[in-house]
Amino acid sequence: MGDRKAGAYGTSTGGDTAFRKTWDRDEYAAKAVERDQRIKEEGKARHEAAAAGKKYVRRASTPPDARDTEARKARLNVADQVGKTSIVPAGAGQGKRGKGAGFYCDACDLTFKDNLQFVEHLNSKQHLVATGESGEVRRATLEEVKDRFEWLKRKRDEETAKDAVDLGTRIENAREIEEKEREEKRRKRNEKRRKTKDGMGVPEVKVENDGNIF
Amino acid sequence: MAHQADAKRALDERGYTGALIRGDNPLKLFEKPVRDRIVDSYYWKEQCFGLNAATLLDRAVELSFIGGTYGVAQKPTPFLCLAFKLLQITPGREIIMFYLEQEEYKYLRALAAFYIRLAWEKDEDVYKTLEPYLNDMRKLKRRTREGWALTYMDQFIDDLLINTRVCATTLPKINPRLFLEDEDRLEPRESALGEELEEMENEDEDAGSEGEVEEVANGDAARNGRSISEQRERSEER
Ligand SMILES: [Zn+2]
């Protein structure tokens, strides 16, 4: 685990920093291309608008090629393995090419030995590049914060209501089952009582004999 | 204005270009060992990656206790990790106020209060913003180094305003309230609770010795004698 620790803080000198530098360079190159493209497109749109006698209005937000990085929608489905990091040989954090036993990343075609390495991979530049994410998180507005809050509240209330319904249903079901059992008991008791009352042997046998024609 | 999904670059002191608090990288409000434990924790890596001020709510509404670090390994609590994330995001004041003012999720309020005490630079702002919540008596679960403790929102706010260390964090220096009053930077605090307390004391006097006996009976010798705890104790007696 020691080797992993060094890299996680970004304090290790060698590889980590070098990697980031290359990344930055690639990123800047990509951004420059993107910018040129955008300027070209904008110029064209402006020209076309002018030709059509309209005023060119730039779109409020030009969607960049890379998506913003977002938070995970849910817990990774590895909760039962949390804390169970096994000691792995140095370099294993790189992941093994191809599908194997462990946690597989489809986008990068890599398999990781445990959830910790997997999560670290999902957070890595390598993975973000592979999935076309920028690694940048968009700032939320107050409006978005409020909307999110209302949504969470609604979700909670719905879950509470559903739990209440579930509980109600469970109680209802239990009551039905109990009622059926009681009915069955009553039926058996009555049957028994009938049998003992007339003392005429077993009525079912009689019926059976009557019904069977050999 | 965007920030990086993780804190690696923000923690790289050489090239920090983000928002400043007290003239420095806000993440440095947490001490280095705590910072290291946070960014190395599974909760941070899995649950805090890529959060913004809106999606952070998903995690904050699930908080069920406050606290700093715990256990032999001094693991950081989710509360502490989210506070660290807030320092990285440095949301606008209006967003923090929204966190603080909402009533639904008490741990979100506690988180906002902690952040305000850490990040807001004007002492009088901190007092004025946090003091109203000295009336919030809701229970809070607190994870301690060795186990669990029960506290209350008002007690937590009181801790933030009076103590120097809260949740594994040395709080930035803040002038005492009385000093700010002397400097005319703060009006003396009129707490609704204080008035109530006075009324109760009068009632106690009217009731004669009986009230005193009751108070002794319910008194807790272990209490640290701070006004807030006493006030709550009494108001709970009612
Ligand atoms: Zn991947």
message: So, A:Val119, is that one at negative phi, touching a His at 6+ places or on another chain (Cβ under 7 Å), within 10 Å of chain B (Cβ to nearest Cβ) and buried (at least 18 other Cβ atoms within 10 Å of the Cβ) or not?
response: no
query: Inside the range B:52-66, can you point out the residues that are closer than 24 Å to B:Arg145 by Cβ and of a type in the set (D, E, K, R)?
result: B:Arg59, B:Glu62
- prompt: A:Lys96 versus (1) open to solvent by less than 80 Å² (accessible area, probe 1.4 Å); (2) within 13 Å of the ligand (Cβ to nearest atom); (3) over 24 Å from B:Ser41 (Cβ atoms): which is the lone unmet condition?
  reply: (1)
query: Quick one: A:Ala174 ticks every box in (1) out of contact with any Ser or Thr (no Cβ under 6 Å at 6 or more places or on another chain); (2) open to solvent by less than 70 Å² (accessible area, probe 1.4 Å); (3) away from the ligand (no atom under 16 Å from the Cβ); (4) closer than 30 Å to B:Ala7 by Cα bar one, so which box is it?
result: (4)
- request: Scan B:Lys28, B:Lys85 and give me the residue that is in the same structural domain as B:Ile174 (by TED's automatic domain parsing), in contact with a Cys (Cβ under 6 Å, 6 or more places away or on another chain) and either within 29 Å of A:Gln117 (Cβ to Cβ) or not in a helix (DSSP H, G or I) (or both).
  value: B:Lys85
message: Just to be sure I understand, how many residues within the range B:22-37 are open to solvent by less than 50 Å² (accessible area, probe 1.4 Å), more than 7 Å from every other protein chain (Cβ to nearest Cβ) and touching a Lys or Arg at 6+ places or on another chain (Cβ under 9 Å)?
response: 3
- prompt: Filter the range B:40-51 for residues that are in contact (Cβ under 8 Å) with a residue 40 or more places away in the chain and more than 25 Å from B:Trp148 (Cβ to Cβ); which is surrounded by the fewest Cβ atoms within 10 Å (Cβ to Cβ)?
  reply: B:Phe49
message: Return the pair list, or none, for Cβ contacts closer than 8 Å from residues in the range B:94-107 that are among the hydrophobic types (A, V, I, L, M, F, W, C) and assigned to a helix (DSSP H, G or I) to residues that are open to solvent by 60 Å² or more (accessible area, probe 1.4 Å) and modelled with pLDDT of 95 or more, at least 6 apart or on different chains.
response: B:Phe98/A:Lys146
query: Among the residues of the range A:122-146 satisfying the criterion of being over 16 Å from B:Asn52 (Cβ atoms) and in a loop (DSSP other than H, G, I, E, B), which is farthest from the other protein chains (Cβ to nearest Cβ)?
result: A:Gly132
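The values are calculated or read from the model by the stated rules, or taken from the named source; none is laboratory data. Values in this document were obtained by computation on a predicted structure and should not be read as measured data. All Cβ positions, glycine included, derive from the backbone under ideal geometry; neighbour counts span all protein chains shown. Areas reflect the complete protein model, heavy atoms only, side chains present, ligands, DNA and RNA absent. Shrake-Rupley method; radii C 1.70, N 1.55, O 1.52, S 1.80 Å.
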